[in-house]
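Visitor: What follows is a structure written as structure tokens; I'll ask about it next.
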Amino acid sequence: MEERSEKAVALMKDGYNCAQAVACVFAEEAGADKATVFRIAEGFGSGMGTMQGVCGALVGAVMLAGLSRSTAHLEHPDSKPQTAALARTLMKAFEQEAGAIYCKDLKGVATGKPLLSCHDCVRLACRLAAREVFPVKA
């Protein structure tokens, strides 16, 4: 798992935003085309539109929840409750481990004391996605 987290950090260093980095390293497992995932996640970096809202790395993990759990029944949506429950699990676990879910809080905008670096947020989101969204079947 650490290898995947470091691949996501490398993607950030290559210009991907945090949401793109997390979502793209799991695109294949989610059954999605990496280029499509990259395009969808483009506006979610730095807390959605760079507005420092919910951490983009966490948003990338939540995107993976939808990609992996949605039944895509367009006429009769039926998978929202399961996907929402998984999203809540990801968000609660991220907050418990990081101390916050908002980019501005993670970066310490008001306090001057960052909780996690962006790279560490990406690492955490990747760990959570691996554990909660794509657990290894025993």
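The values are calculated or read from the model by the stated rules, or taken from the named source; none is laboratory data. If you're wondering where the values come from, they're calculated on a predicted model, not measured in any experiment. As a convention, Cβ positions derive from the backbone with ideal geometry for all residues, glycine included, and neighbour counts pool all protein chains shown.
Visitor: Given the conditions (1) at pLDDT below 95; (2) touching a Lys or Arg at 6+ places or on another chain (Cβ under 6 Å); (3) buried (at least 21 other Cβ atoms within 10 Å of the Cβ), and given that residue 47 satisfies all but one, which numbered condition is not satisfied?
Guide: Tallying (1) at pLDDT below 95; (2) touching a Lys or Arg at 6+ places or on another chain (Cβ under 6 Å); (3) buried (at least 21 other Cβ atoms within 10 Å of the Cβ), residue 47 fails exactly one: (2).
Visitor: Also, I was wondering about something else. Which residue out of 72, 30, 19, 57 is of a type in the set (A, V, I, L, M, F, W, C) and surrounded by fewer than 19 Cβ atoms within 10 Å (Cβ to Cβ)?
Guide: 72
Visitor: Got a number for residues in segment 102-118 being surrounded by fewer than 20 Cβ atoms within 10 Å (Cβ to Cβ) and either within 12 Å of the chain's Cα centre (by Cα) or outside any helix (DSSP H, G or I) (or both)? Steps first, answer last, please.
Guide: In the first step, residues of segment 102-118 are kept if they are surrounded by fewer than 20 Cβ atoms within 10 Å (Cβ to Cβ); the result is 102, 104, 108-115, 117.
When the remaining residues are screened for being either within 12 Å of the chain's Cα centre (by Cα) or outside any helix (DSSP H, G or I) (or both), the result is 102, 108-115, 117.
Qualifying residue count, segment 102-118: 10.
Visitor: Name the pairs whose Cβ atoms lie under 6 Å apart, with the first residue in segment 65-84 and without any contact (Cβ under 8 Å) to a residue 60 or more places away in the chain and assigned to a loop (DSSP other than H, G, I, E, B), the second surrounded by fewer than 13 Cβ atoms within 10 Å (Cβ to Cβ) and not hydroxyl-bearing (Ser, Thr, Tyr), and 6 or more positions between them or separate chains?
Guide: Every condition considered, the pairs that remain are 71/78.
Visitor: Related question: I'm trying to understand the selection: among the residues of segment 120-135, which are surrounded by fewer than 21 Cβ atoms within 10 Å (Cβ to Cβ) and either of a type in the set (Phe, Trp, Tyr) or out of contact with any Ser or Thr (no Cβ under 9 Å at 6 or more places or on another chain) (or both)?
Guide: If the condition is that a residue be surrounded by fewer than 21 Cβ atoms within 10 Å (Cβ to Cβ) and either of a type in the set (Phe, Trp, Tyr) or out of contact with any Ser or Thr (no Cβ under 9 Å at 6 or more places or on another chain) (or both), then 120, 131, 134, 135 are the ones that fit.
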